[in-house]
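Enquirer: One structure, pasted below without further comment.
The values are calculated or read from the model by the stated rules, or taken from the named source; none is laboratory data. Since the model is a prediction, treat every value here as computed from it, not as a measurement. Backbone-built Cβ (ideal geometry, glycine too); neighbour counts: all protein chains shown.
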Amino acid sequence: MPTRTAAPKRPLPSTDDATRRVMTQPAVGLADVAALLGVSHATVQRQAAAGTLPVKTVRIGQRWIATSKSVQELLDIEPAPAKVSA
């Protein structure tokens, strides 16, 4: 029987990229949450599955996403001010 090899690990996004997505998108992937919390993607995924991650998460198929608003509140990040058109 052939042995299974683990999928190659993808590096976490930079904290700058993750912060930009949290500020501009309504929801982000768990890789962004992991980068901002300074922990591994596996840790965040395990906590999401157990329901112990301190942000609101939703599972869509095989993918977990977190609401940007809950990540902003956890990390005490101020939302960007809305641009006013002249």
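Enquirer: Check Val44 against each of (1) surrounded by fewer than 18 Cβ atoms within 10 Å (Cβ to Cβ); (2) not in a loop (DSSP other than H, G, I, E, B) and name the one condition it does not meet.
Expert: Checking Val44 against (1) surrounded by fewer than 18 Cβ atoms within 10 Å (Cβ to Cβ); (2) not in a loop (DSSP other than H, G, I, E, B), the one that fails is (1).
Enquirer: Run Met1 past the list (1) out of contact with any strand residue (DSSP E or B) (no Cβ under 9 Å at 6 or more places or on another chain); (2) modelled with pLDDT of 95 or more and report the number of the one that doesn't hold.
Expert: Of everything listed in (1) out of contact with any strand residue (DSSP E or B) (no Cβ under 9 Å at 6 or more places or on another chain); (2) modelled with pLDDT of 95 or more, Met1 misses just condition (2).
Enquirer: Exactly one condition in (1) small (Gly, Ala, Ser); (2) surrounded by 18 or more Cβ atoms within 10 Å (Cβ to Cβ); (3) in contact with a Lys or Arg (Cβ under 9 Å, 6 or more places away or on another chain) is false for Ala49; which is it?
Expert: Ala49 satisfies every listed condition except (2).
Enquirer: Any residue in segment 67-78 that is over 8 Å from Val22 (Cα atoms) and touching a residue at least 12 places away in the same chain (Cβ under 8 Å) sitting within a Cβ distance under 8 Å of a residue that is among the polar types (S, T, N, Q) and not in a helix (DSSP H, G or I)? List the pairs, counting only those 6 or more apart or interchain.
Expert: Pairs that qualify, where the first residue is over 8 Å from Val22 (Cα atoms) and touching a residue at least 12 places away in the same chain (Cβ under 8 Å) and the partner is among the polar types (S, T, N, Q) and not in a helix (DSSP H, G or I), are Thr67/Thr57.
Enquirer: Given Val55, Val33, which one is in a loop (DSSP other than H, G, I, E, B), in contact with a strand residue (DSSP E or B) (Cβ under 9 Å, 6 or more places away or on another chain), surrounded by 13 or more Cβ atoms within 10 Å (Cβ to Cβ) and at pLDDT 95 or above?
Expert: Details: Val33 fails: in a loop (DSSP other than H, G, I, E, B).
Of the residues listed, the single one that is in a loop (DSSP other than H, G, I, E, B), in contact with a strand residue (DSSP E or B) (Cβ under 9 Å, 6 or more places away or on another chain), surrounded by 13 or more Cβ atoms within 10 Å (Cβ to Cβ) and at pLDDT 95 or above is Val55.
Enquirer: Here's something else I'd like to know. For the list (1) assigned to a helix (DSSP H, G or I); (2) modelled with pLDDT under 95; (3) hydrophobic (A, V, I, L, M, F, W, C), I need the number of the one condition that Ala82 fails.
Expert: Status for Ala82: all satisfied but (1).
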